[in-house]
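The values are calculated or read from the model by the stated rules, or taken from the named source; none is laboratory data. Since we're looking at a predicted model, the values are computed, not measured. Quick reminder, even Gly has a Cβ in these numbers, built from the backbone with ideal geometry, and neighbours come from all protein chains shown. The accessibility values were calculated without ligands, DNA or RNA, using every heavy atom of the protein model including side chains. Shrake-Rupley method; radii C 1.70, N 1.55, O 1.52, S 1.80 Å.
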There are 2 protein chains.
Amino acid sequence: MSLLTTNTALVGRVTVAVDAMGGDFAPQATVIAALESLKRNEALSIILVGDQSKLEALLYLNFDKNTPLSGDMPIVSEVPDNPPLAPHLKTLFTAYKESGRLIIHHAPDVVLMSDRPSRALRRKQNSSMAIALQLVKDGVAGGCVSAGNTGALMLLGRSILGMCPGIDRPAITKKLPAPKGSCYVLDLGANVDSTAEHLYQFGLMGSILVETLEGIDKPRVALINVGEEEIKGSEQVRLASSMLVECDGINYVGYIEGSDLFNDVADVVVCDGFVGNIALKTGEGVAKLLYQSLFRIFEAHWYTRILGKLVIPLFRRLLKKIDPAKHNGALFIGLQGVVVKSHGNADAEAFSCAIDQAFNEVERKVPDMINSRLDELLF
Amino acid sequence: MSLLTTNTALVGRVTVAVDAMGGDFAPQATVIAALESLKRNEALSIILVGDQSKLEALLYLNFDKNTPLSGDMPIVSEVPDNPPLAPHLKTLFTAYKESGRLIIHHAPDVVLMSDRPSRALRRKQNSSMAIALQLVKDGVAGGCVSAGNTGALMLLGRSILGMCPGIDRPAITKKLPAPKGSCYVLDLGANVDSTAEHLYQFGLMGSILVETLEGIDKPRVALINVGEEEIKGSEQVRLASSMLVECDGINYVGYIEGSDLFNDVADVVVCDGFVGNIALKTGEGVAKLLYQSLFRIFEAHWYTRILGKLVIPLFRRLLKKIDPAKHNGALFIGLQGVVVKSHGNADAEAFSCAIDQAFNEVERKVPDMINSRLDELLF
């Protein structure tokens with residue numbers, strides 16, 4: 001740890017600890033993503049946390065797995081599943097390492113996707129995920145990013161970082177991409193069976209988050225509910241609504257429906273994690289389905305294929321603007337530190353977005369803001 | 001009632017009772033929809049249930065609201081908000097009335113969107129909604145359709161028609177439009193806070209429904225849940241899963257995520273009504289957003305406008321195939337009778353789809369099938 005704290009390249013920069021071993025395409029995708037983010041943000045330093053030999057092997061191994069390993073390669077326990085880096089990325093990797101903006105921090109263990117969160121908590125304190133969190137706790141890194149096991153990240157995060165006072169459970173949130181008036185939805189899956197009190201706390205945290213990250217004064221906070229004319233929601237939702245109504249510090253605007261998520265009627269949308277997760281994934285499913293159908297339209301005839309060639313580039317711009325994959329990176333809030341969760345199947349480009357999110361949150365001191373504003377609102 | 005039961009035009013036909021006063025555009029949209037459905041289905045008869053004077057006024061009033069009312073108009077309490085029918089529709093209306101395939105059945109009262117369901121149950125037994133349900137109960141109509149208050153429709157439906165034995169609560173379901181492998185999702189909002197037992201019953205009913213309506217043998221039944229690697233769902237969902245695993249009569253395939261709804265992995269997807277409602281409406285919101293964005297793409301330049309003119313007709317075909325509005329009509333299942341709920345803001349075309357759904361369900365004797373198959377599965 002002392003090596004890290006005396007590193008001069010970290011001074012005056014935002015340092016993000018990256019769980020280099022988490023996600024379907026780790027460590028290759030996480031390493032390339034780190035290089036991309038370092039290129040984009042001059043004020044960023046990254047600590048890659050993971051199996052040192054595997055990470056360094058990315059630099060030394062040749063493209064062809066079958067080629068005999070060269071003499072200057074460190075001893076690795078096994079050849080990584082992902083091919084090593086392209087030559088220009090190897091050069092970049094080496095340069096950032098030498099400048100001190102990219103540091104490899106060894107972690108002997110990995111949290112598996114199949115690990116039960118409670119097992120990870122007991123047994124995986126030496127995992128890349130746990131050590132990345134510990135670097136945040138120790139103040140070496142400002143925040144961390146992982147594409148690994150969500151449940152484990154939540155439990156380890158709670159245990160290592162602790163909670164903001166007045167908050168019972170962390171929530172996962174992200175900004176829903178929309179052409180205008182996008183909103184943050186929370187919770188997106190950290191909690192199932194949220195009580196009214198939890199929903200209320202999500203509302204408070206969401207409001208502070210959006211104020212801090214987006215610079216919106218008095219963001220509109222809404223609760224998601226079933227249609228007006230239906231039996232209006234569960235006991236918990238109605239109770240949470242009455243608690244939010246009575247809270248002077250936030251701008252509660254009442255119930256909204258799922259279809260209103262894209263209608264610029266709220267900046268913060270509160271729901272239980274089960275509901276939020278299913279809604280988000282259904283929305284992503286619809287978007288994917290529509291794009292596939294659109295592209296298929298142009299395959300029908302020779303003239304539609306020509307039309308397609310002209311039109312598809314226009315679509316791609318739209319796709320980039322609203323495709324959830326390009327907005328990868330969900331924020332765990334309520335923890336005493338910045339923790340960003342990437343999609344497990346994020347590629348390097350998407351994972352790099354998640355690193356940028358962490359950078360942004362650290363720079364804007366989100367946990368400090370949540371702590372101090374909660375103090376005003378709750379105590 | 002005797003007039004209806006002796007009507008020879010009803011014999012050998014499927015009769016659907018239409019709540020002519022329910023929905024945002026009633027009675028004009030409901031009446032036009034009835035005419036459309038009658039035109040499409042030779043084997044259909046319709047009983048329009050509603051304020052007789054208002055319904056007949058559609059025939060007699062002139063287009064211009066300000067024109068003095070003509071002498072042959074019946075006395076109406078007030079001029080309807082919607083303009084009366086176009087001349088060719090008036091002709092059609094008269095012709096179907098004379099043939100006996102379209103009958104007006106007077107109902108003095110209306111359930112308002114703002115009515116609490118419990119109030120509708122106590123006070124609105126003479127509403128168009130309640131009388132339409134009563135016509136089903138009495139065997140005069142095979143099924144009914146309403147675009148009115150969903151909660152009231154559920155409570156009145158339970159009270160007037162009763163439940164299938166072994167089923168505690170009705171569920172709302174509909175087929176999610178997809179290019180291939182579409183599935184029925186239930187519940188979509190009739191029940192919030194469903195227990196494991198309720199979810200289990202939804203699975204049974206959904207399986208029988210899809211077998212009957214779609215002719216799929218042993219439909220794949222799935223439970224919706226949060227991602228594999230997350231804390232896997234609520235207590236209820238896990239308990240419902242273990243109940244479904246143990247049921248030999250249905251083909252339970254386990255958990256799916258929101259994004260799998262369009263991946264042809266299940267024919268029946270079970271969830272709590274709160275979750276289903278929010279997921280469906282979020283999906284609709286995404287679809288609408290994408291279409292609006294697509295159309296906007298072409299507005300940018302003169303050459304993209306020309307491209308748009310060529311491409312948009314291709315889109316419209318896709319839109320027609322998967323736009324939820326064109327698949328209007330959700331089924332209330334678990335009741336002893338066919339009840340179809342239309343979107344409140346359905347126009348005539350969409351409402352007509354809901355009538356067709358009821359026609360289809362009655363023709364395939366869905367409630368009888370559910371009763372007899374439940375008897376095999378449960379008792």
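Restricted to the range B:117-173, the set of helices (runs of 4 or more DSSP H) holding at least 3 residues that are within 14 Å of chain A (Cβ to nearest Cβ) comprises B:117-123, B:150-161. Scanning the range B:174-191 for residues that are in a loop (DSSP other than H, G, I, E, B) and out of contact with any Asp or Glu (no Cβ under 9 Å at 6 or more places or on another chain) yields B:L176, B:P179, B:L188. Note on the range B:42-58: residues that are open to solvent by 20 Å² or more (accessible area, probe 1.4 Å) and in contact with a Ser or Thr (Cβ under 7 Å, 6 or more places away or on another chain) total 1.
For the range A:17-36, a residue qualifies if it is touching a strand residue (DSSP E or B) at 6+ places or on another chain (Cβ under 7 Å) and open to solvent by 20 Å² or more (accessible area, probe 1.4 Å), and exactly one does: A:M21. Residue count for the range B:334-361, restricted to those that are among the β-branched types (V, I, T) and either farther than 18 Å from B:R158 by Cα or in the same structural domain as B:V185 (by TED's automatic domain parsing) (or both): 1.
Please verify whether A:L377 is of a type in the set (A, V, I, L, M), in contact with a helix residue (DSSP H, G or I) (Cβ under 7 Å, 6 or more places away or on another chain) and either at pLDDT 90 or above or more than 16 Å from A:F202 (Cα to Cα) (or both), treating the condition exactly as stated. Considered against the rule, which asks whether it is of a type in the set (A, V, I, L, M), in contact with a helix residue (DSSP H, G or I) (Cβ under 7 Å, 6 or more places away or on another chain) and either at pLDDT 90 or above or more than 16 Å from A:F202 (Cα to Cα) (or both), A:L377 comes out as no.
The requirement of being surrounded by fewer than 16 Cβ atoms within 10 Å (Cβ to Cβ), basic (K, R), more than 8 Å from chain A (Cβ to nearest Cβ) and closer than 23 Å to B:K175 by Cβ is satisfied by B:K326. Going by the conditions given, is A:L289 more than 17 Å from the chain's Cα centre (by Cα) and either assigned by TED's automatic domain parsing to the domain that holds A:G142 or aliphatic (A, V, I, L, M) (or both)? Here the answer is yes, as A:L289 does meet what is asked.
Candidates in the range B:337-352 are the residues that are buried (at least 21 other Cβ atoms within 10 Å of the Cβ) and away from every other protein chain (no Cβ under 14 Å); of these, the one that is nearest to A:A287 (Cα to Cα) is B:A350. Of the residues making up the range A:215-273, those that are over 26 Å from the mean Cα position of the chain (by Cα) and on the phi > 0 side of the Ramachandran plot are A:G233, A:G254. When you scan the range B:205-217, do you find a residue that is open to solvent by 10 Å² or more (accessible area, probe 1.4 Å), assigned to a loop (DSSP other than H, G, I, E, B), at pLDDT below 90 and out of contact with any Asp or Glu (no Cβ under 9 Å at 6 or more places or on another chain), even just one? There is no residue in the range B:205-217 that is open to solvent by 10 Å² or more (accessible area, probe 1.4 Å), assigned to a loop (DSSP other than H, G, I, E, B), at pLDDT below 90 and out of contact with any Asp or Glu (no Cβ under 9 Å at 6 or more places or on another chain). Cβ separations smaller than 8 Å between residues 6+ apart or across chains give the following pairs from the range B:304-315 residues that are under 18 Å from A:R305 (Cβ atoms) to residues that are part of a helix (DSSP H, G or I) and open to solvent by 70 Å² or more (accessible area, probe 1.4 Å): B:L307/A:L310. A count restricted to the range A:299-315 and to residues that are within 8 Å of another protein chain (Cβ to nearest Cβ) and of a type outside the set (A, V, I, L, M) stands at 2. In the set (1) more than 7 Å from chain B (Cβ to nearest Cβ); (2) surrounded by 24 or more Cβ atoms within 10 Å (Cβ to Cβ); (3) among the hydroxyl-bearing types (S, T, Y), A:Y255 fails one condition alone, (2). Filtering the range B:268-296 to residues that are among the hydrophobic types (A, V, I, L, M, F, W, C), surrounded by 17 or more Cβ atoms within 10 Å (Cβ to Cβ) and assigned to a helix (DSSP H, G or I) leaves B:F274, B:V275, B:I278, B:A279, B:L280, B:V286, B:A287, B:L289, B:L290, B:L294.
Criterion first (touching a helix residue (DSSP H, G or I) at 6+ places or on another chain (Cβ under 9 Å), in a helix (DSSP H, G or I), touching a residue at least 40 places away in the same chain (Cβ under 8 Å) and under 16 Å from B:S146 (Cα atoms)) does B:F332 satisfy it? Answer is no for this residue. Scanning the range B:221-249 for residues that are open to solvent by 60 Å² or more (accessible area, probe 1.4 Å) and away from every other protein chain (no Cβ under 14 Å), we see that the one that is modelled with the lowest pLDDT is B:D248.
The single condition from (1) at pLDDT 85 or above; (2) in a loop (DSSP other than H, G, I, E, B); (3) open to solvent by 40 Å² or more (accessible area, probe 1.4 Å); (4) not β-branched (V, I, T) that B:K39 fails is (2). Here the condition is being in contact with an Asp or Glu (Cβ under 7 Å, 6 or more places away or on another chain), within 15 Å of A:P367 (Cβ to Cβ) and hydrophobic (A, V, I, L, M, F, W, C); of A:A152, A:A171, A:A141, it holds for A:A171 alone.
Looking across the range B:138-155, just one residue is more than 18 Å from the chain's Cα centre (by Cα) and buried (at least 17 other Cβ atoms within 10 Å of the Cβ), and that is B:V140. Name the single residue that is modelled with the lowest pLDDT among those in the range A:155-188 being among the charged types (D, E, K, R) and farther than 22 Å from B:E257 by Cα. Ranking the qualifying residues of the range A:155-188, first place goes to A:K180.
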